[in-house]
1. Has region 46-66 got any residue that is of a type in the set (S, T, N, Q) and more than 20 Å from residue 114 (Cβ to Cβ)?
2. Can you tell which of 13, 31 is more than 19 Å from the chain's Cα centre (by Cα), surrounded by 10 or more Cβ atoms within 10 Å (Cβ to Cβ) and among the aliphatic types (A, V, I, L, M)?
3. Using beta carbons and a limit of 6 Å, which pairs, at least six apart or on different chains, have the first residue in region 16-39 and farther than 29 Å from residue 126 by Cα and the second one surrounded by 10 or more Cβ atoms within 10 Å (Cβ to Cβ) and among the charged types (D, E, K, R)?
4. Quick one: residue 25 ticks every box in (1) surrounded by 10 or more Cβ atoms within 10 Å (Cβ to Cβ); (2) in a helix (DSSP H, G or I); (3) not basic (Lys, Arg) except a single one, so which number is it?
5. Counting only residues that are modelled with pLDDT under 90, of a type outside the set (S, T, N, Q) and either within 17 Å of residue 53 (Cβ to Cβ) or touching a helix residue (DSSP H, G or I) at 6+ places or on another chain (Cβ under 8 Å) (or both), how many does region 100-123 have?
6. So which residues in region 97-120 are closer than 19 Å to residue 75 by Cβ and charged (D, E, K, R), if there are any at all?
7. So, in region 44-71, how many residues would count as being among the acidic types (Asp, Glu) and either touching a Pro at 6+ places or on another chain (Cβ under 8 Å) or more than 12 Å from residue 109 (Cβ to Cβ) (or both)?
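The values are calculated or read from the model by the stated rules, or taken from the named source; none is laboratory data. Everything numeric here is computed off the predicted structure, so don't read it as measured data. Cβ sites come from the backbone with ideal geometry, for glycine too, and all protein chains shown count toward neighbours.
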Amino acid sequence: MHQAPLLRNTKGLTLIEVQIALSIICIIVPLSFFCFSRLTDELTIRQFVEEVNETIYDTQMEAIARADFAQIVFYDDFYYVSINGRTKRILMNPRIEILSTNNSIKINQLGHFSKIDSFFIKLGSIRYKFTFLLGQGRFYYQKVSG
């Protein structure tokens, strides 16, 4: 007596295979969102730091050109640049924090800063430090964490 071979449906997936695939996807998706948000934060703060760096440099050049005093003042969600009676307000990302004991940068008509100072720009765990030096209006920034 000969038995007929069992018919098998090989076109689909078993329930176990589907559950394993879904569990792997459920692990990978949150990790990719975390990496993506970290990258977004890094790009956001880097762009803002470059913008502040350019603003400080441009304000120095404007103070020298006009032989006048200038000031940059930071608030919670914006900062402004004031020179020669004109004020320019610039909006900031509300997630970015400025950490400083003094929220203003004063520049004289020679482009020099009024005092040695530093402040931090922070977004999440990423932090940059701006340092202002006396003499020839020198300043620099560096990434200190994140």
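1. yes
2. Of 13, 31, the one residue that is more than 19 Å from the chain's Cα centre (by Cα), surrounded by 10 or more Cβ atoms within 10 Å (Cβ to Cβ) and among the aliphatic types (A, V, I, L, M) is 13.
3. none
4. Against the list (1) surrounded by 10 or more Cβ atoms within 10 Å (Cβ to Cβ); (2) in a helix (DSSP H, G or I); (3) not basic (Lys, Arg), residue 25 comes up short only on (1).
5. 1
6. Listed by number, the residues that qualify are 97, 106, 117.
7. 4
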